[in-house]
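Here is the structure we will look at.
The values are calculated or read from the model by the stated rules, or taken from the named source; none is laboratory data. Just so it is clear, the structure is predicted and the values come from calculations on it, not from any experiment. Cβ placement follows ideal geometry from the backbone for every residue including glycine, while neighbour counts extend to all protein chains displayed. Note: accessible area is taken over every heavy atom of the protein model, side chains too, but ligands, DNA and RNA are not part of it. Shrake-Rupley method; radii C 1.70, N 1.55, O 1.52, S 1.80 Å.
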Amino acid sequence: MNLKDHIRAVPDFPKPGILFYDISTLLAHPGAWRHCVTQMAEAMVPHRPDLLIGIESRGFLVAAPLALELGCGFAMIRKKNKLPGPTIPYDYDLEYGADTLEIQADAIEPGQRIVILDDLLATGGTMAATIALARQVGGDVRAAACIIELTFLSGRQKLDTDFTSLIAYDS
């Protein structure tokens, strides 16, 4: 099955000049979604994760079912002030500004094998920040993965861990 057949390209979203790759059409097709989760699971098994971390918000859609498939835990990375209880923040720079990510203080046990997931890798800034935050709180980040990679933005070059994508767009 070609997963690209189930990705909708939306021109000029969220602003003019941007071509948005929408996974909602993939999620709406049970056979394609099952194939996607199965492919991702096969790619992640060698990393033997204890915990999958999903990046807000579409990364939750990837990581949660994959955690069930792999029989491991799931935790969330969110923007500031979105998680209940004590959290640990991580400030990072964007191309035009800065942002803060947070994880719940008890989400990662020291030494746990971690895989970080999102729906799409673009410039790599948020993924790199998530990797750094997971390590800061004691996680052993083994890999990162996304359904879609925009290779022309070179986000993979910002990552210092194994990275897998199921679909690549070169423009």
Q | Long-range amide H partners of Val141 with built H, under 5 Å | A | Ile114
Q | Measure of compaction for region 73-170 (Cα Rg per 2.2 N^0.38 Å) | A | 1.06
Q | Charge dipole magnitude, Cβ of K and R +1, D and E -1 - the chain, Cα centre, debye nearest 20 | A | 180 debye
(Q) Just to compare against my own numbers: the Cα pair-distance distribution for the chain, 5 Å bins, whole % per bin, please. (A) 1, 9, 18, 22, 21, 16, 9, 4, 0
(Q) If each DSSP helix of 4+ residues adds -39,500 (n - 2.57) and the sum is divided by the residues in the chain, what number results at 222 nm, nearest 500 deg cm²/dmol? (A) -8000 deg cm²/dmol
Q.
For a protection proxy built on the mean count of beta-carbon atoms within 10 angstrom, sort 25-32, 73-80 highest first, please.
A. 73-80, 25-32
Q.
Out of the total accessible area of region 25-98 (probe 1.4 Å, heavy atoms of protein only), what percent is carbon and sulfur?
A. 55 percent
Q. Amide H to amide H under 5 Å from Leu121: which residues, 5+ apart in sequence or cross-chain, H placed 1.01 Å off N in plane?
A. Ile148, Glu149, Leu150
Q) If Ile7, Ile88, Ile114 are ordered by their accessible area, calculated over protein heavy atoms with a 1.4 Å probe, which sequence runs from highest to lowest? A) Ile88, Ile7, Ile114
Q | Residue with peak Gaussian network fluctuation, the chain [Cα springs, cutoff 10 Å], from Ala143, Ala122, Ala67 | A | Ala122
Q: Just tell me which lysines come within less than 26 Å, Cα to Cα, of Lys79; anything on the same chain fewer than 8 places away is out.
A: Lys15, Lys158
Q. Over the Cα atoms of region 1-85, how large are the radius of gyration and the largest Cα-Cα distance (Dmax), in Å?
A. 14.8, 42
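What order, most packed first, do the peptides 146-158, 126-138 have when packing is the mean number of other Cβ atoms within 10 Å of each residue?
Values: 146-158: 18.3, 126-138: 20.2.
Ranking, from highest mean packing down: 126-138, 146-158.
Quick one: compute the contact order of the chain, relative version, from alpha carbon pairs under 8 angstrom and 6+ residues apart, as a percent.
18 percent
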Q: Report, in whole Å, the centroid distance computed from the Cα atoms of region 75-138 and region 1-72.
A: 18 Å
Q: Please list, in chain and number order, the residues 5+ apart from Asp162 or on another chain whose amide H is under 5 Å from its amide H, with Hs placed from the backbone.
A: Ala144
